[in-house]
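I have placed the structure first, in the form of structure tokens, so that the comments after it can refer back to it.
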């Protein structure tokens, strides 16, 4: 397995972990408030911090900096472009779903959280597509 | 001009017209209310119906007028252009959506978040076609 495959799998795991933690916290706050919790800078800041620290740590652990800098082959570029283009469309579809949902419930905080969820799903999809396209040898 | 480039021009134009039409309705409703209006399902449906109907008509006319090219699968260069444009437009959408999220965290106005996110999706789709046209022109 190449550095990039391991890296994307690690980032996917981090996204699931941090995203799960973020939504668990929101869920707990919402139970306490008895309505959907409004976005909190603290929770969101912790979420971003966890992602940043864990991603940097995983890069350091997997650490082959030379490999990272050498990503220039045509096939790598094609895989990267294709995965990012598809992930962008998946993110759009997820954001559209959040917006359609908002038309019915009208809760801004729920729209905020579902849109954050859509962005997380898009990033997760990007990581999985990169791994999939590498293995498929696109 | 290739069939795909003409299609990109046509789709981009349709989306710009539909987007202006939609946001004019939203601006009028907001002006009447004196605040950002809540999203109206009727406006969204009107936007979708307009885009679908005009796209189907325009693509049918283009397909009939250039049957062979319309049915030809994308070659490697075209595939790369489509992927690159799709990738770049993702950044446009993400920028708009994240801006909307940050504004919501400050203003707590869900209607504004809806319109910004919806607008970002429209702009990113238009940007995707614009990037395709630019890449075709650039001879990438």
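The values are calculated or read from the model by the stated rules, or taken from the named source; none is laboratory data. All values derive from a computational prediction rather than experimental measurement. Backbone-built Cβ (ideal geometry, glycine too); neighbour counts: all protein chains shown.
Of the numbered criteria (1) more than 8 Å from chain B (Cβ to nearest Cβ); (2) over 20 Å from residue B:40 (Cα atoms), the one residue A:82 fails is (1).
Being over 18 Å from the mean Cα position of the chain (by Cα), buried (at least 17 other Cβ atoms within 10 Å of the Cβ) and more than 19 Å from residue A:92 (Cβ to Cβ) is not true of residue B:2. Among the residues of the stretch B:59-110, just one is in contact with a helix residue (DSSP H, G or I) (Cβ under 7 Å, 6 or more places away or on another chain), exposed (fewer than 15 other Cβ atoms within 10 Å of the Cβ), farther than 17 Å from residue A:111 by Cα and at pLDDT 85 or above, namely B:63. The conditions of being assigned to a helix (DSSP H, G or I), within 14 Å of chain B (Cβ to nearest Cβ) and under 21 Å from the mean Cα position of the chain (by Cα) are not met by residue A:56.
Scanning the stretch B:36-58 for residues that are part of a loop (DSSP other than H, G, I, E, B) and in contact (Cβ under 8 Å) with a residue 40 or more places away in the chain, we see that the one that is surrounded by the fewest Cβ atoms within 10 Å (Cβ to Cβ) is B:38.
Which residue out of A:90, A:50 is at pLDDT 90 or above and assigned to a helix (DSSP H, G or I)? Exactly one residue qualifies, and that residue is A:90. I'd like to check something: does the stretch B:17-32 contain any residue that is outside any loop (DSSP other than H, G, I, E, B), surrounded by fewer than 17 Cβ atoms within 10 Å (Cβ to Cβ), at pLDDT below 90 and in contact with a helix residue (DSSP H, G or I) (Cβ under 8 Å, 6 or more places away or on another chain)? No. Among the residues making up the stretch B:95-110, those that are assigned to a helix (DSSP H, G or I) and at the interface with chain A (Cβ under 7 Å from one of its Cβ atoms) are B:97, B:101, B:104, B:105, B:110. The number of residues in the stretch A:3-45 that are surrounded by 13 or more Cβ atoms within 10 Å (Cβ to Cβ) and assigned to a loop (DSSP other than H, G, I, E, B) comes to 5. From the list A:104, A:112, the one residue that fits, being in a helix (DSSP H, G or I), surrounded by fewer than 19 Cβ atoms within 10 Å (Cβ to Cβ) and either at the interface with chain B (Cβ under 7 Å from one of its Cβ atoms) or without any contact (Cβ under 8 Å) to a residue 24 or more places away in the chain (or both), is A:104.
In the set (1) within 10 Å of chain B (Cβ to nearest Cβ); (2) at pLDDT 85 or above, residue A:40 fails one condition alone, (2).
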